[in-house]
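Below: the structure, in structure tokens.
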Amino acid sequence: MVIRAAIIRGGTSKGVFLRAGDMPSDPGARDRLILSIMGSPDPRQIDGLGGADPLTSKVSIVGPSSRPDADVDYTMAYVGVEAGVVDYEGNCGNISQAVGPFAVDEGLIAAVEPTTAVRIFNTNTRKRMVAEVPVRDGRALTEGDFAVRGVPGSGARIVVGFVDAAGSKTGRLLPTGNVVDRVRLENGETIEASLVDAAAPAIFVRAADLGLTGRELPADCGNDPRILPVMQWIRIRGALMMNLASTAADVSPAVPKVGVVAEAGDFHTIRGDKIAASECDLLARTLALGVMHQAYAVTGGICLSAAALIDGTVVHGVTRGRAKRSGTVRVGHPSGVSSFVVQVEKADAGGFVLRKAAVAGTARRIMDGRVYVPSDGR
């Protein structure tokens with residue numbers, strides 16, 4: 001079997017992009033095909049296109065939309081590396097940055113210079129996005145001077161706005177109705193947590209409450225075996241508290257996100273670069289399919305930034321109100337700093353309303369062609 005495919009970097013992630021019309025209609029056959037394309041399950045993904053890392057084991061399925069308010073439909077698939085699992089529970093903001101350019105280059109929307117607005121319907125969250133894609137000579141522009149921390153070089157600036165991002169999975173910006181809840185740890189202790197749903201549902205806790213600094217890097221997880229299990233425990237507790245699953249065994253490996261946050265401070269990236277406290281509003285660490293994310297997920301960053309602007313959340317507390325003044329939240333993570341543009345207002349009837357959520361990034365098509373898949377889908 002031969003399938004058209006492209007490998008495209010979006011933000012700090014990389015994925016395989018497929019055309020919806022090339023995919024089997026049967027969900028089981030589709031998943032078997034995706035696993036075969038990526039070479040899963042296998043820790044090296046040696047017999048497929050996967051990069052043996054959660055950040056590079058992603059698939060995007062894109063095709064024309066039948067909706068009047070969208071140009072393309074986009075389905076995000078998180079593909080297990082060592083596990084033969086394809087998860088569709090959440091969107092990926094980094095990969096989303098590449099959907100607009102893919103749609104332009106594949107002729108799924110007419111190219112308009114200098115900027116083509118691509119209306120995207122994400123089937124995972126049932127939410128819409130609008131990507132502003134720089135275009136030249138009928139194709140998405142890749143070269144430019146916009147730099148993203150964690151990505152070598154620079155590229156053309158792509159802005160992705162998340163339309164009606166609040167309540168992406170739960171239907172509410174604050175799924176429990178509270179700005180702060182308490183979550184019980186495995187050792188029986190309880191700590192404060194904020195459960196928020198904007199672009200993706202997430203649960204946020206203070207690093208200090210876990211005996212962490214917020215400066216931890218992925219490599220530190222090997223030296224401190226507490227880090228990953230406690231983050232995963234909190235993530236699962238949050239899923240149950242938000243009614244995203246009925247039992248711990250039913251919780252998606254990708255949703256909800258979990259964020260461990262701390263006050264802004266000097267820190268070093270995974271490449272050894274020193275980032276000054278003045279360059280960020282807070283420090284945050286999250287998971288990517290069971291391992292510490294080497295940056296910070298975009299959808300998770302939107303949610304984190306919304307939480308930073310909601311009075312009383314643990315995230316707002318560690319920012320000390322710094323982000324409130326500008327509406328731009330600068331998140332310090334293992335690869336550097338990412339900025340998210342959000343606007344949160346208090347509602348007349350109480351509570352909060354998310355008015356705006358957007359992120360700027362870059363994308364680049366690395367290769368395209370045909371991927372060869374065994375006829376039995378293995």
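The values are calculated or read from the model by the stated rules, or taken from the named source; none is laboratory data. Bear in mind the structure is a predicted one, so any value in this text is a computation, not a measurement. Every residue, glycine among them, receives a Cβ derived from its backbone with ideal geometry; neighbour counts consider all protein chains shown.
The table below lists the values:
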| item | result |
| --- | --- |
| Pairs with Cβ under 9 Å, 6+ apart, first in the range 190-207 and touching a residue at least 24 places away in the same chain (Cβ under 8 Å) and farther than 19 Å from Gly351 by Cβ, second among the hydroxyl-bearing types (Ser, Thr, Tyr) and part of a strand (DSSP E or B) | Val205/Ser194 |
| Residues of the range 91-138 that turn out to be farther than 17 Å from Ala198 by Cα, charged (D, E, K, R) and surrounded by fewer than 19 Cβ atoms within 10 Å (Cβ to Cβ), as a count | 5 |
| Residues of the range 237-255 satisfying the condition of being within 23 Å of Leu55 (Cβ to Cβ) and either in contact with a Cys (Cβ under 7 Å, 6 or more places away or on another chain) or surrounded by fewer than 20 Cβ atoms within 10 Å (Cβ to Cβ) (or both) | Ser252, Pro253 |
| Which listed residue, of Val371, Val329, is among the aliphatic types (A, V, I, L, M), at pLDDT below 95, under 29 Å from Ala103 (Cβ atoms) and surrounded by 19 or more Cβ atoms within 10 Å (Cβ to Cβ) | Val329 |
| Single condition Asp69 does not satisfy, out of (1) in a loop (DSSP other than H, G, I, E, B); (2) touching a helix residue (DSSP H, G or I) at 6+ places or on another chain (Cβ under 9 Å); (3) surrounded by fewer than 17 Cβ atoms within 10 Å (Cβ to Cβ); (4) of a type outside the set (Ser, Thr, Tyr) | (2) |
| Residue in the range 43-82 that is nearest to Glu132 (Cα to Cα), counting only those that are touching a Phe, Trp or Tyr at 6+ places or on another chain (Cβ under 7 Å) and of a type in the set (D, E, K, R) | Asp73 |
| The range 345-361 - residue that is touching a Lys or Arg at 6+ places or on another chain (Cβ under 7 Å) and touching a residue at least 12 places away in the same chain (Cβ under 8 Å) and, of those, surrounded by the most Cβ atoms within 10 Å (Cβ to Cβ) | Phe352 |
